[in-house]
Amino acid sequence: MSDAHNEQQSAIKTPKQLLAAVAGFFLITVIGIILLVQYVTTQKLTGAGSDSQSPEAIAERLSPVANAGYTFKDASGPKVLQSGEAIYTATCVACHGAGVAGAPKFGDAGSWSARLAQGYDTVLKHAIEGLRAMPAKGGNPDLDDVEVARAVVYIANASGGKFKEPEVPAPAAAADGAAAPATAEPAK
């Protein structure tokens, strides 16, 4: 029988050829890696029209938050009470501006008349404690009761009510900018 079918044919027949093939493989691999690294690092990777890597853009991203125009609130400082219009604009307009979930619309005397007939104290109680779909303090628990009362007066008076602006308690009056009445005891 013939052993011709068991013989393998190879281009590498001597150890010198094997050594040359291995060295050539490593040389081609190293040259390929060098060319790939050069190709990747020679191009600027910013997007077209982008200056995100400019020194000014980097300095802006690294600047402190305080420089961005934010004002920090001193939690231990006195509370500054907001006006009724400011409270309405920040909190109440979300529902009362569009009449969401049955809320009476701002300035609509017809939808406010039955509520205003109940009186200031009842309307204020509903605003502070919540009623039906309206959460307590309009969903903003940080509001002071005086601020809620100011918002109630603002909304009610815009809708045909004749409510008087609420009195500010003495400790809050100093924070609000109004001077608290000075009380002096007579000397004995």
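None of the figures in this text is laboratory data; all of them are computed from the coordinates on show. Model, not experiment: these values are computed from the prediction.
Numbers for the structure displayed
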| quantity | calculated |
| --- | --- |
| Restraint check, K137/K162; K105/K162; K73/K125; K73/K137, Cα-Cα greater than 24 Å | K73/K125 |
| Separation of alpha-carbon centers, the range 127-153 and the range 81-102, rounded to whole Å | 10 Å |
| q = 0.09, 0.10, 0.15 Å⁻¹: log10 I(q)/I(0) that the Debye formula gives for the range 14-129, counting C-alpha atoms only | -0.64, -0.70, -0.92 |
| Once the Cα gyration tensor of the range 91-176 is diagonalised, semi-axes √(5λ) in Å | 21, 15, 11 |
| Rg/Rg_globular for the range 83-141, with Rg_globular taken as 2.2 N^0.38 Å and Rg from C-alpha atoms | 1.05 |
